Amino acid sequence: MKLVLSALALLIAGPALAQDAGALRARSLAATCAQCHGTDGRVPPGSATVALAGMPAAYLTEQMTAFKTGARPGTVMPQLAKGYSDAQIAQLAAYFAQVQTGGKP
Amino acid sequence: MKRRSLLRLAGATAGLGSLGLAGCAMNAIGTPDSARVLVVGGGYGGATAAKYVRLLSQYKIEVVLVEPDAAFVSCPLSNLVLGGGRTMTDITRPYDTLSAMHGVRIVHDMVASIDPVKRVAVLASGGTLRYDKLVLSPGVEMMFDRVTGLQAANRQGRILQAWKAGPETLALRRQLEAMPDGGTCAIAIPEAPYRCPPGPYERASVIAAYFKAAKPKSKVLILDANEDVTSKGALFKKVWAESYKGLLEYRPQHKATAVDAATNTLKFEIQEDVRADVLNVLPPMRAGQIAVQTGLATSNARWCNVNYLTFESANAPNIHVIGDAIQIAPAMPKSGHMANGHAKVAAAAIVAELNGWEVDPAPMLTNTCYSFVDDKRAVHVASVHEYVAAEKTFKTVPGSGGLSAAPNELEGSLAMSWARSIWSDALA
C-alpha cells in the first residue's frame, strides 16, 4: 500500500516539476486550500492552521473524508470538505504529499 | 502542436511588431518565454495573480505589477484598528517579497489608461508598458456623488469611509477616540452589492466593544440601506442583543442621500435626519475607475462582466478582471479570500493559454470569511464554488458551506492565522 502511494506521489510529482496541463490543474486545485494553509500547504510560522505540505496522502484523504462525513468535527473544514468530490480529495492528498517541506518546490 | 508552433512564430515576430512593421504580429500573444503579464492593482487579487503567474509558469512568464501604494494594507482586520486592538503596522505588509522571492517587477505608479487593441498601458507618470495578458484588479471606487455633500466632506477629512484601509482607517480611529463619552457613531451602509458584505456589521460590533470598555454611555447606530443585515445576520443580531444591548442600534431601510458636514447630519430617502458625533458613510461602490474608463464595467455601469472560466473580460480580449470589480456569480461574495481565488483561476488560465494548453474546464473557488464581534471573538461564513459549464457560471457546491454556531475565541485565533496565511500566499 505504501509502495502504491509512493508511486502515485511520484506520478504527481513528476509532472509538477515537468509542467503540463494536468500538473497545472492539480496545483490550481491545491491552491484553493492555500488561503488558510499557505502556498502549497506550507503555513507561516506560528499559525493555528495545520501545514499540509509533505503529509502522507492516505492521512490527508482520511481526514478530509472524516470532515466530509462529519466523523471529525471542526469549525470551517467540515463545511469546506463537503464541497470536494472524492476524486478531488484524492488529487489534493496526492499533491500535498509530494510537496517538499521547506524551500520553494 | 500546430497551435504551439503558431505561438512560437508569433513570439519570434514580436520584435517586428514592436517596431510597428506588422499590425497582425502586434496582436499575437507570446509564449511563456517571451510573454509579459501586466497586473494592475496589488490588493488581495492583484498581488496573488502576480505571484501565481510566476509560480504556475515555473517562473518563465515575466510579470510586472503596477501598484501606487508603497505597502499592502489589509482591509480584513482593519476594523480591529478602529476598535483599538490592532495597529496599522499589524495589517501592513511589504511588497518587496514579491520581487525578492518571485521575481515580480513592481512599478509604484498608477495606470492612467489602457489600450486593449494595442495591448499597452499608459502610466500616470507618462511611461508605457506593453502586455500580452493583463490582469486588472482595480478594487472598488466609492461613488461619492451618490450622497450629496459627501465628496467635499470626505476631502476635508470630516466624514470618512475608511473602507479602503489606509490613512482613513487611522483618521476614523482618531475621531472615535476624540468622541466624548455619551456620543453617537453612525455607520451608513449602501445597498448591496458592495465590498465585504459583513464588514459594516463587524465594524459596528468592534466599535461597540470599544465603547463598552472605554466610553459606556456612547452608542453605535447602524443605518442600513438594505432590508436587513446582508451577511451573518442571525449571528450578528444575537451578539448585539447579548453583548451590546443599549450600546448598538440597527435600523434597516435607511438609504443615505445627503450629508451636512457642518452639523454632522445624515439625510435619507424616506426616514428622518440623523445627527451623530462621528459619521462613517459608505457610499455605493462600483469597479475601480480604470475598469470603468476602459469600458469594462458593463453590468449596470458598475461591475465588469467576465467569462468565469478564465476571468477574461466579456468586453476586451486578453484583459482578465478579478476581485471586487467583477459582476459576481450567484452567492459569490466580494471578499479578499474570493479575490485571491479569482486570481489563481485567472493565473492558471493565462499560463495554460500561453502554453497552448486547454484551460481547466472545472475550476474551483473557496471562501472563508471571518468577522470579529469584539477584539477576540470571531464568527465565519464558508463556501465552495464550482464552475458549472452548462450555465457558464460558478455555483456553490450543494451541501457545502455554512456558518459558525456562535462567536468564540478559537475562531478569533483562526481568523488571525487566516490573515497571516493569505498575506503570505499573496505576497511571500
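The values are calculated or read from the model by the stated rules, or taken from the named source; none is laboratory data. Keep in mind it's a predicted model, so treat the numbers as computed, not measured. Virtual Cβ from ideal backbone geometry, glycine too; neighbours counted across all protein chains shown.
Could you tell me how many of the residues in region B:291-301 are surrounded by fewer than 19 Cβ atoms within 10 Å (Cβ to Cβ) and touching a helix residue (DSSP H, G or I) at 6+ places or on another chain (Cβ under 9 Å)?
Number of matching residues: 1.
For residues in region B:338-358 being more than 9 Å from every other protein chain (Cβ to nearest Cβ) and surrounded by fewer than 23 Cβ atoms within 10 Å (Cβ to Cβ), which is farthest from the chain's Cα centre (by Cα)?
B:356
Name the single residue that is surrounded by the most Cβ atoms within 10 Å (Cβ to Cβ) among those in region A:54-82 being within 19 Å of residue A:41 (Cβ to Cβ) and in contact with a strand residue (DSSP E or B) (Cβ under 6 Å, 6 or more places away or on another chain).
That would be A:80.
Within region B:310-321, can you find the residues that are in contact with a helix residue (DSSP H, G or I) (Cβ under 7 Å, 6 or more places away or on another chain) and either surrounded by fewer than 24 Cβ atoms within 10 Å (Cβ to Cβ) or more than 14 Å from every other protein chain (Cβ to nearest Cβ) (or both)?
Passing the criteria: B:310, B:320, B:321.
Among (1) more than 9 Å from every other protein chain (Cβ to nearest Cβ); (2) in contact with a Ser or Thr (Cβ under 6 Å, 6 or more places away or on another chain), where does residue B:384 come up short?
Failed condition: (1).
Which pairs have Cβ atoms under 6 Å, sit 6 or more apart or on different chains, and link a residue in region A:25-37 that is more than 7 Å from chain B (Cβ to nearest Cβ) to one that is hydrophobic (A, V, I, L, M, F, W, C) and surrounded by fewer than 23 Cβ atoms within 10 Å (Cβ to Cβ)?
A:30/A:92
Take the residues in region B:240-262 that are in contact (Cβ under 8 Å) with a residue 12 or more places away in the chain and of a type in the set (Lys, Arg), then tell me which one is surrounded by the most Cβ atoms within 10 Å (Cβ to Cβ).
B:255
Can you tell me which of (1) part of a helix (DSSP H, G or I); (2) farther than 22 Å from residue B:385 by Cα is the one residue A:45 doesn't meet?
With respect to (1) part of a helix (DSSP H, G or I); (2) farther than 22 Å from residue B:385 by Cα, residue A:45 is out only on (1).
Does region B:240-267 hold any residues that are assigned to a helix (DSSP H, G or I) and either over 14 Å from residue B:374 (Cβ atoms) or not polar (S, T, N, Q) (or both), and which are they?
Of everything in region B:240-267, those that are assigned to a helix (DSSP H, G or I) and either over 14 Å from residue B:374 (Cβ atoms) or not polar (S, T, N, Q) (or both) turn out to be B:240, B:241, B:242.
Quick check on region A:73-105: of everything there that is within 23 Å of residue B:402 (Cα to Cα) and outside any helix (DSSP H, G or I), which residue is nearest to the other protein chains (Cβ to nearest Cβ)?
So, considering only residues that are within 23 Å of residue B:402 (Cα to Cα) and outside any helix (DSSP H, G or I), the one nearest to the other protein chains (Cβ to nearest Cβ) is A:83.
Within region B:85-105, does at least one residue satisfy the condition of being out of contact with any helix residue (DSSP H, G or I) (no Cβ under 8 Å at 6 or more places or on another chain), within 23 Å of residue B:30 (Cβ to Cβ) and crowded, with 17+ Cβ neighbours inside 10 Å?
Scanning region B:85-105, I find no residue that is out of contact with any helix residue (DSSP H, G or I) (no Cβ under 8 Å at 6 or more places or on another chain), within 23 Å of residue B:30 (Cβ to Cβ) and crowded, with 17+ Cβ neighbours inside 10 Å, so the answer is no.
From the list B:424, B:400, pick out the single residue that is part of a helix (DSSP H, G or I), over 14 Å from residue B:341 (Cβ atoms) and either at the interface with another protein chain (Cβ under 9 Å from one of its Cβ atoms) or touching a residue at least 60 places away in the same chain (Cβ under 8 Å) (or both).
Unique residue meeting the criteria: B:424.
Is there a residue being more than 21 Å from residue B:381 (Cα to Cα), over 12 Å from the mean Cα position of the chain (by Cα), assigned to a helix (DSSP H, G or I) and at the interface with chain B (Cβ under 10 Å from one of its Cβ atoms) anywhere in region A:50-72?
The answer is no; no qualifying residue exists.
Take the conditions within 29 Å of the chain's Cα centre (by Cα), basic (Lys, Arg) and modelled with pLDDT of 95 or more and apply them to residue B:238. Does it pass?
Yes, satisfied.
Tell me the strands (runs of 3 or more DSSP E) entirely within region B:120-239 that contain at least 1 residues that are in contact with a Gly (Cβ under 7 Å, 6 or more places away or on another chain) and surrounded by 22 or more Cβ atoms within 10 Å (Cβ to Cβ).
In region B:120-239, B:133-136, B:140-142 are the strands (runs of 3 or more DSSP E) which contain 1 or more residues that are in contact with a Gly (Cβ under 7 Å, 6 or more places away or on another chain) and surrounded by 22 or more Cβ atoms within 10 Å (Cβ to Cβ).
Go through (1) touching a residue at least 12 places away in the same chain (Cβ under 8 Å); (2) within 10 Å of another protein chain (Cβ to nearest Cβ); (3) within 27 Å of residue B:70 (Cα to Cα) for residue B:326 and report which single condition fails.
(2)
Of the conditions (1) within 15 Å of the chain's Cα centre (by Cα); (2) buried (at least 23 other Cβ atoms within 10 Å of the Cβ); (3) over 30 Å from residue B:240 (Cβ atoms); (4) among the polar types (S, T, N, Q), residue B:335 satisfies every one except a single condition; which number is it?
It fails just one condition, (3).
If a residue has to be in contact with a strand residue (DSSP E or B) (Cβ under 6 Å, 6 or more places away or on another chain) and more than 14 Å from residue B:39 (Cα to Cα) to count, how many in region B:334-354 make the cut?
4
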